[in-house]
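The values are calculated or read from the model by the stated rules, or taken from the named source; none is laboratory data. If you're wondering where the values come from, they're calculated on a predicted model, not measured in any experiment. Here Cβ is always computed from backbone atoms with ideal geometry, including for glycine, and neighbour counts include all displayed protein chains. Areas reflect the complete protein model, heavy atoms only, side chains present, ligands, DNA and RNA absent. Shrake-Rupley method; radii C 1.70, N 1.55, O 1.52, S 1.80 Å.
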Amino acid sequence: MPALKDNIKQLLKDVAKFCRYGSGLTLRNYQLEPAEAIVDSVIHNRGLSFVVIFPRQSGKNELQAQIQTYLLTIFSMLEAEIVSVSPTWNPQAHNAMRRIERVLANNLITRDMWEKHHDYIFRVGKARVFFLSGSPSANIVGATANILLSIDEAQDIQIDKFDKDIAPMAASTNATRVFWGTAWTSNTLLAREYALAKALQERDGVQRVWRLSVDHVVSEVPAYGKFVAEQVAKLGRDHPMVKTQYYSEDIDAQGGLFPPSRISLLYGVHPPQSTPIRGPVYVMTLDVAGEDECHQGISAKCRAAGAAGEDENENDIKNLSNPARDATALTIAEVDLSTVEDPGLLLPTYRVVFRKKWVGVKHTKIYSQILAYAESWRIRYLVVDATGVGAGLSAFLSRSLGSKVIPFVFNARTKSTLGWSFLAMIDSGRLKEYAIQNSNDSSEATPSKNSVVASGAKQSPNNKYSLSSSKLSAIKAHQRSAGRQESPASQELLDLQSEFFRQLEYCQYEIVPGPQKQIRWSVPDGTRDPASGDLIHDDLMISAAMLSLLDDQPWSITGPSEIIKARDPLDDMKGF
């Protein structure tokens, strides 16, 4: 018995041994350093503030549970209190409680000592840990952390909430504070505390921050590198989720969504098509704009134009109450299924071959034209904006085309998801624009100013880009050499591509604070081209983005069928 007590005492003196022999978990080297520093600060009442930024799924949450279990055990004879705050009650606080309950129940020392009270308090002896929600509406004022205040996923907790309701929990006790999380934007609570802790670390030499990337984890967990490599292949190295979740790189909270480096990934070498060719699989996407009021029988000007015998199609544009409104935008893409067989991607590639847009045209007219396009191009799928007035057009198309139609309703959540998937499609190289060749007029080979900036134009102070004649010539040469058809490029397709790139150039984004990781992205209302004064919308951009929704569809490569002649079972009966 004395030997057993001595062994337990040894375990309680060392967090690494406690985890290894008590919980059966060997801490990795990158976990051990912050664990020892946090425990030392708590035991010696140093009141330090630490920031631990780990890549996603690299053991951050497990480390929290092990440290909390260890502290509860060594302080079990004292009225010690730990407060653990998560961004949400469900699922994040619930997940944290399930995790520590598992550790407490499995640890050889604590499994017969721990208790649970009121569904959010865990006790070992006199020591307790409280699990709370840090959501903006949570009423958590009054809790006190006298040895440790642990903030989980600190990048998702609002700064005002922390400063007002959470930080005071450790004020009177000078409790150690730990901010856990993964990188996100540069204006989060985690980023602020990282900067403060980093400055103090540089001043006194006491390590307070651990910011690990995938490379640190791979050195101890090689399988993690394979997993991240698959994510990079699917999303692209510059995708915000890859940069933050795996490489621990902050992103800007707002700004231009499509920098030159991202736009340059869109350049393809395939030609545009005005008509389909046999063989390829085609898909369509449709971003629907609202009909102008004159087409709803409200405008007297429209009725007068009709009575005067004027051509109705000409008046579709001339009589609009808002001629510069968003258009209904159609995108047709050829689907390259070879990347579905790529084990790193397992998703198709989309090559835009055709565009069309209608400004202020009745949905009844658009409907018949869409059906004609769908029939002539033999489309596999049609993704339709079914938001608001688009619901009617979507319903009619579904009635005619059946399961080929995929309705999509825009709201804050779905548009955010669309934005992330659009970036993934671009950053992984799975969306390509047509290259236009025109042997008669090389000026038609220029898609837009964005082509120039993608090749190295200088950025002006107002975040727009100036044209360089040398870069302009380079882009023209690239587009001419990339084209593979001898027929002249369609001026309409050229103009629509230029407009598409211009919409990308002026698209802005804003990361919404909170655990949902939502992004707002659009061309701001009222944005005008400084050169022409024309309003810039985002209809062509949204239509292209909707191609990413097709990633969820079942894709497979089909080949020619063959008949394999089976052996005649009667052959076995010969001779009987």
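Worth a mention:
- Selection status of SER368, among the small types (Gly, Ala, Ser), free of Cβ contacts under 8 Å to residues at least 60 places away in the same chain and open to solvent by 60 Å² or more (accessible area, probe 1.4 Å): yes
- Note on region 108-127: among residues that are under 38 Å from the mean Cα position of the chain (by Cα) and of a type outside the set (A, V, I, L, M, F, W, C), the one that is surrounded by the most Cβ atoms within 10 Å (Cβ to Cβ) is TYR120.
- For ILE426, the requirement of being assigned to a strand (DSSP E or B) and open to solvent by less than 60 Å² (accessible area, probe 1.4 Å) is not met.
- Filter pass, LEU393 being open to solvent by less than 10 Å² (accessible area, probe 1.4 Å) and part of a strand (DSSP E or B): no
- Given (1) open to solvent by less than 30 Å² (accessible area, probe 1.4 Å); (2) in a helix (DSSP H, G or I), index of the condition TRP180 fails: (2)
- For region 47-75, filtering for residues that are touching a strand residue (DSSP E or B) at 6+ places or on another chain (Cβ under 7 Å) and either within 30 Å of ALA199 (Cβ to Cβ) or open to solvent by 20 Å² or more (accessible area, probe 1.4 Å) (or both) leaves 12.
- Hits in region 139-157 (condition: modelled with pLDDT under 95 and out of contact with any Asp or Glu (no Cβ under 7 Å at 6 or more places or on another chain)): ASN139, GLY142, ALA143
- Output for region 99-157, where each listed residue is in a strand (DSSP E or B), under 14 Å from VAL83 (Cβ atoms) and of a type in the set (Phe, Trp, Tyr): PHE122, PHE130, PHE131
- Among residues of region 9-25, those that are of a type in the set (Phe, Trp, Tyr) and either farther than 17 Å from PHE75 by Cβ or open to solvent by 40 Å² or more (accessible area, probe 1.4 Å) (or both), counted: 1
- Top-ranked residue of region 246-285 - restricted to ones that are touching a residue at least 24 places away in the same chain (Cβ under 8 Å) and at positive phi, ranked as surrounded by the fewest Cβ atoms within 10 Å (Cβ to Cβ): GLY255
- Residues located in region 430-442, provided they are open to solvent by 20 Å² or more (accessible area, probe 1.4 Å) and modelled with pLDDT of 95 or more: LYS432
- In the set LEU472, LEU540, LEU570, LEU467, only one residue is surrounded by 19 or more Cβ atoms within 10 Å (Cβ to Cβ) and either modelled with pLDDT under 55 or within 26 Å of VAL269 (Cα to Cα) (or both); that residue is LEU540.
- Evaluating LEU196 against the criteria (1) under 30 Å from GLY47 (Cβ atoms); (2) open to solvent by 50 Å² or more (accessible area, probe 1.4 Å); (3) in contact with a strand residue (DSSP E or B) (Cβ under 6 Å, 6 or more places away or on another chain); (4) of a type outside the set (Ser, Thr, Tyr) leaves one unmet condition, (3).
- If you filter region 56-98 down to residues that are of a type in the set (D, E, K, R) and part of a helix (DSSP H, G or I), you find that the one that is farthest from the chain's Cα centre (by Cα) is ARG98.
- Condition check for ASN174: open to solvent by 10 Å² or more (accessible area, probe 1.4 Å) and over 36 Å from the mean Cα position of the chain (by Cα): yes
- Sole residue being open to solvent by 20 Å² or more (accessible area, probe 1.4 Å), more than 19 Å from ILE53 (Cβ to Cβ), among the basic types (Lys, Arg) and within 14 Å of the chain's Cα centre (by Cα), chosen from LYS226, LYS243, LYS234: LYS234
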